[in-house]
Amino acid sequence: MLTPVLSDNWDQDRCWTLQAYEDRGGYRALRSALEQQPDALIDLVKASGLRGRGGAGFPTGMKWGFIPQGDGKPHYLVVNADESEPGTCKDIPLMLASPHTLVEGAIISSFAIRANYAFIYVRGEVLHVVRRLQRAVQEAYLAGYLGKDILGTGFDLELVVHAGAGAYICGEETSLLDSLEGRRGQPRLRPPFPAVAGLYASPTVVNNVETIASVPCIVDNGADWFASMGTEKSKGMTLYSLSGHVRRPGQYEAPLGITLRELLDLAGGVREGHQLKFWTPGGSSTPILTDEHLDVPLDYEGVGAAGSMLGTKALQIFDETTCVLRAVLRWTEFYKHESCGKCTPCREGTWWLVQVLQRLERGQGSEEDLELLLDQCDNILGRAFCALGDGAVSPITSSIQYFRQEYLAHLEQGGCPFDPAASTLFATAGAHA
Ligand SMILES: Cc1cc2nc3c(=O)[nH]c(=O)nc-3n(C[C@H](O)[C@H](O)[C@H](O)COP(=O)(O)O)c2cc1C
Ligand code: SF4
């Protein structure tokens with residue numbers, strides 16, 4: 001059931017080094033790609049059905065195809081390595097374990113879109129990852145995979161590792177571009193889209209780390225091989241990150257369409273003596289689901305049909321010891337803190353959401369506060385300038401949909417009916433029974 005491709009070399013000795021990567025066939029795909037026409041590579045990625053792994057699932061080959069050709073302007077590839085959606089922890093392990101998979105993918109992708117400059121915009125707080133990437137890029141330059149006249153083909157590419165200062169909004173692609181240009185990271189009005197006017201007003205492809213890291217294996221094994229995994233519209237394998245109340249948390253690489261029930265089987269199940277209560281399919285910006293949804297196929301269509309989104313495939317597992325209101329309040333505090341302040345619905349709205357949730361958590365609100373919360377959410381959803389605002393309301397509206405009674409229980413009991421210590425990971429099954 002597991003299909004380790006991106007994670008296949010993670011247990012290899014010193015897997016992050018060029019030597020180890022080449023020992024397993026690394027940079028073979030680059031040699032083969034450089035012998036092809038750039039357009040043939042775009043067609044290959046289109047045929048594979050690869051969709052962006054950064055959250056929205058946009059078809060990657062189609063995005064590359066939007067880059068105007070022969071326009072005389074420089075083209076840029078920007079790898080989004082800002083990974084900051086709560087619960088998401090796949091790009092950082094990937095870059096730590098096998099940075100050359102990303103570097104090789106970035107070189108092939110740049111060649112395909114005819115870019116001579118590429119950037120990896122990485123979250124600055126993960127200094128160990130920044131250093132590992134810098135070393136991998138240095139090794140690639142020394143080996144002749146980067147720089148001028150790569151492998152004697154005449155193709156030039158400069159690859160820059162850029163450390164961001166650590167802001168959730170800088171993962172949003174247009175804020176990322178502003179930040180990369182040296183400005184404060186805030187979203188840009190679209191259109192124009194980055195494919196037309198992105199970095200330095202030139203055609204730019206922004207792709208997630210996992211998306212770009214998936215390119216070498218497609219070049220190596222072919223589009224049909226990739227498309228043979230997954231479901232009809234969601235092709236290939238992907239990294240699912242399991243965290244929270246699960247026995248063996250971590251990365252599980254499996255075909256799109258696997259279910260949470262199957263993933264939990266692989267991960268040893270919910271922690272001993274407990275049951276699943278709710279979970280996020282793709283980070284906290286995606287509406288929560290419950291134990292009713294254990295058999296939902298975890299692909300873009302399946303999760304969408306269940307009323308949520310696949311997002312970043314960050315499966316945060318919560319058992320029955322967790323107060324849903326408390327979890328939702330913590331997430332909302334995060335969105336309030338990370339709101340960039342550009343638009344009123346999100347800047348003011350997230351602040352008000354926290355006020356009302358705090359009141360409810362203390363058991364001091366009233367039943368009308370639930371309607372007030374939903375009304376506030378309604379005034380943010382679809383009215384904010386970027387998707388951060390929409391994401392902020394997802395946990396609130398979905399938790400009220402499934403756990404309205406639990407919100408009311410706080411009012412009836414004059415406070416939280418849960419023991420917060422029982423939901424901590426160090427609490428043992430019997431200790432708080
Ligand atoms: C608030 C916010 C934060 C985001 N953070 C990330 C991120 O950390 N990494 C990422 O790849 N995409 C992030 N995205 C999505 C990007 O805007 C963009 O869709 C993505 O990088 C495109 O790459 P893909 O097509 O390969 O998925 C974020 C979007 C929003 C609205
Ligand atoms: S929704 Fe508005 S305030 Fe919130 S992060 Fe986006 S642009 Fe900034």
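Annotations
- Binned Cα-Cα distances of region 113-272, short to long, each 10 Å bin given as a whole percent: 9, 25, 32, 27, 6, 0
- Charged-residue dipole, Cβ positions (Lys, Arg, Asp, Glu), region 54-163 about Cα centre, Debye nearest 20: 40 debye
- Taking GluC sites (Glu not before Pro) as exposed when DSSP calls them loop and at most 15 other C-beta atoms lie within 10 angstrom, the chain has its longest site-free stretch at 36-124.
- Two-decimal ratio, region 95-178, of alpha-carbon radius of gyration to 2.2 N^0.38 Å: 1.12
- Chymotrypsin sites (Phe, Trp or Tyr not before Pro) within region 358-433: DSSP coil, no more than 11 neighbouring Cβ in 10 Å: F426
- Computed in the context of the full set of protein chains, the accessible area of the chain at 1.4 Å probe radius has 52% of its extent on carbon or sulfur.
- The alpha carbon radius of gyration of region 2-159, expressed as a multiple of 2.2 N^0.38 Å, is 1.02.
- According to the Cα-based calculation, Rg over Rh for region 243-385 is 1.01, with Rh computed by the Kirkwood formula.
- Alpha-carbon centroids, region 1-38 and region 44-75: separation in whole Å: 22 Å
- Principal semi-axes of the equivalent ellipsoid, √(5λ) from the alpha carbon gyration tensor of region 287-326, are 20, 11, 9 Å from largest down.
- Distance from the alpha carbon centroid of region 100-114 to that of region 252-271 works out to 31 angstrom.
- Shape category assigned to region 1-62 from the gyration tensor of Cα positions, a/c cut at 1.5: oblate
- Since only L151, P203, G230 are under comparison, the one whose Cα sits farthest along the positive direction of the charge dipole of region 120-259, derived from C-beta charges on Lys, Arg, Asp and Glu, is G230.
- The base-10 log of I(q)/I(0) for the chain, evaluated at q = 0.09 Å⁻¹, reads -0.58 [Debye formula, identical scatterers on Cα atoms, solvent excluded].
- Residue among L289, L266, L41 with the largest mean-square fluctuation in a Gaussian network model of the chain, springs linking Cα atoms under 10 Å: L266
- Solvent-accessible surface of the chain, averaged per residue with a 1.4 angstrom probe and all protein chains in place: 40 square angstrom.
- Flagged links, alpha-carbon separation over 27 Å, of K233/K313; K233/K342; K148/K313; K73/K148: K233/K342; K148/K313
- Stretching Q275 away from F193 to a fully extended chain increases their span by 25.0 nm, per 0.36 nm per residue minus the current alpha-carbon distance.
The values are calculated or read from the model by the stated rules, or taken from the named source; none is laboratory data. Computed from a prediction, not measured in an experiment: that's the story for all the values here. As a convention, Cβ positions derive from the backbone with ideal geometry for all residues, glycine included, and neighbour counts pool all protein chains shown. These area figures cover heavy atoms from the full protein model, side chains too; ligands, DNA and RNA do not enter into them. Shrake-Rupley method; radii C 1.70, N 1.55, O 1.52, S 1.80 Å.
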